[in-house]
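Worksheet: one structure, shown below.
Here, each number is a calculation from the coordinates, and none is a lab measurement. What you see is a predicted model, and the numbers here were worked out from it, not measured in a lab. Cβ atoms come from the backbone with ideal geometry, glycine included; neighbour counts cover every protein chain shown.
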Amino acid sequence: MPQRGEHIVVVGGTRGLGLIIARAGAELGARVTITGRDAATAEAAAKSLGPDAVGRGCELTNWESIRDLYVDMPDIDHLILAALDRDGNTIADFRPQDSAQTSLMKNVGYATAVHHAIPHFTARASVVLFSGMSMWRPVPGSTTISMANAGVIGLMRSLAVEIAPVRVNAITPGVVAGTAAVDDVDEDRRRMFEALRQRTPGKRLPVPADIVAATFALTDNPGINGENLTIDAGLRLV
Ligand SMILES: NC(=O)c1ccc[n+]([C@@H]2O[C@H](COP(=O)([O-])OP(=O)(O)OC[C@H]3O[C@@H](n4cnc5c(N)ncnc54)[C@H](OP(=O)(O)O)[C@@H]3O)[C@@H](O)[C@H]2O)c1
């Protein structure tokens, strides 16, 4: 768990898993900064976390925007990169520009966000990058996301060597029940996710609290470095 007063920055923290992680950190007394593409949206989301939470704009395909994120920012204990601009794409019907946008933000954007954070890391700092199970288990329309998520794992391993002693790890969620990406979908997708739930050994998909606990396990434990932690309730086994 984050210590009281630690500073956690969640890039992609205006909603979804990023916001839930930020809320859990704020409730434990951490200082939290969250980002989204639009500063006003990020500030409004930060207000929902408490008076000390800060919201900032950061567009991960705009290098100046990423650089400016860290201006006048307090030192960072934990940098969590959870942002995603979803692109549903198939190779048969490929839209390269949409694919490029998502790959740019999730790969080059994540790398640039870490690059500019380097001077701000404290001695105990850690980084957590969000990947996703589509890297190993593609689903219809996941062509771009499968590529980008695999790139995140390569980036994580490279960073763990390059920016040591800052520790760098990844979370690879499976299908997380209770997130908009899983709950707010059409009937075909809903059926697909239900079939995946039925396939898990415990007939249970992970929920956001499982992802929060896994994230804090990575930020807390000084022995975990260069690790990709899969949180899919065992779906990959069956
Ligand atoms: N939900 C799942 O079941 C699931 C499964 C596997 C992996 N994951 C991974 O977990 C992470 C969180 O997923 P989620 O479903 O919780 O996400 P989400 O609800 O879609 O939230 C995405 C976040 O990314 C920000 N964002 C989007 N495009 C951006 C850009 N170009 N630059 C900067 N920020 C941008 C959004 O902020 P604004 O809209 O305010 O700009 C928002 O805060 C993602 O990396 C995803 O790949 C999730």
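Evaluate the stretch 213-235: report whether one residue or more is under 16 Å from residue 132 (Cβ atoms) and surrounded by fewer than 14 Cβ atoms within 10 Å (Cβ to Cβ).
no
Here are some conditions: (1) touching a residue at least 12 places away in the same chain (Cβ under 8 Å); (2) within 15 Å of the ligand (Cβ to nearest atom); (3) over 14 Å from the mean Cα position of the chain (by Cα); (4) surrounded by fewer than 18 Cβ atoms within 10 Å (Cβ to Cβ). Residue 200 meets all but one. Which one does it not meet?
All conditions are met except number (4).
Would you check if there is a residue in the stretch 10-27 being in contact with a Lys or Arg (Cβ under 8 Å, 6 or more places away or on another chain) and of a type outside the set (A, V, I, L, M)?
The initial filter retains those residues of the stretch 10-27 that are in contact with a Lys or Arg (Cβ under 8 Å, 6 or more places away or on another chain), namely none.
The answer is no; no qualifying residue exists.
Look at residue 8 and say whether it is part of a helix (DSSP H, G or I) and under 15 Å from residue 218 (Cα atoms).
No; evaluated as a whole, the condition is false for this residue.
Filter the stretch 36-58 down to the residues that are part of a helix (DSSP H, G or I) and not polar (S, T, N, Q), then identify the one that is surrounded by the fewest Cβ atoms within 10 Å (Cβ to Cβ).
By that ranking, first place goes to 40.
For the stretch 1-40, which residues satisfy the criterion of being small (Gly, Ala, Ser) and within 13 Å of the ligand (Cβ to nearest atom)?
12, 13, 16, 18, 22, 36, 39, 40
Among the candidates 61, 33, single out the residue that is surrounded by 15 or more Cβ atoms within 10 Å (Cβ to Cβ) and in a loop (DSSP other than H, G, I, E, B).
61
Within the stretch 177-195, identify whether any single residue is buried (at least 17 other Cβ atoms within 10 Å of the Cβ) and under 16 Å from residue 79 (Cβ atoms), and answer yes or no.
No, the stretch 177-195 contains no residue that is buried (at least 17 other Cβ atoms within 10 Å of the Cβ) and under 16 Å from residue 79 (Cβ atoms).
Of all the residues that make up the stretch 49-77, how many are away from the ligand (no atom under 13 Å from the Cβ) and either hydroxyl-bearing (Ser, Thr, Tyr) or touching a Phe, Trp or Tyr at 6+ places or on another chain (Cβ under 9 Å) (or both)?
Matching residues across the stretch 49-77 total 4.
Can you name the residue in the stretch 181-218 that is of a type in the set (S, T, N, Q) and in contact with a helix residue (DSSP H, G or I) (Cβ under 9 Å, 6 or more places away or on another chain) and is also farthest from residue 159 (Cα to Cα) among such residues?
So the residue we want is 200.
Please determine, by comparing only the residues of the stretch 69-112 that are acidic (Asp, Glu) and surrounded by 15 or more Cβ atoms within 10 Å (Cβ to Cβ), which one is farthest from the chain's Cα centre (by Cα).
Ranking the candidates gives 98 first.
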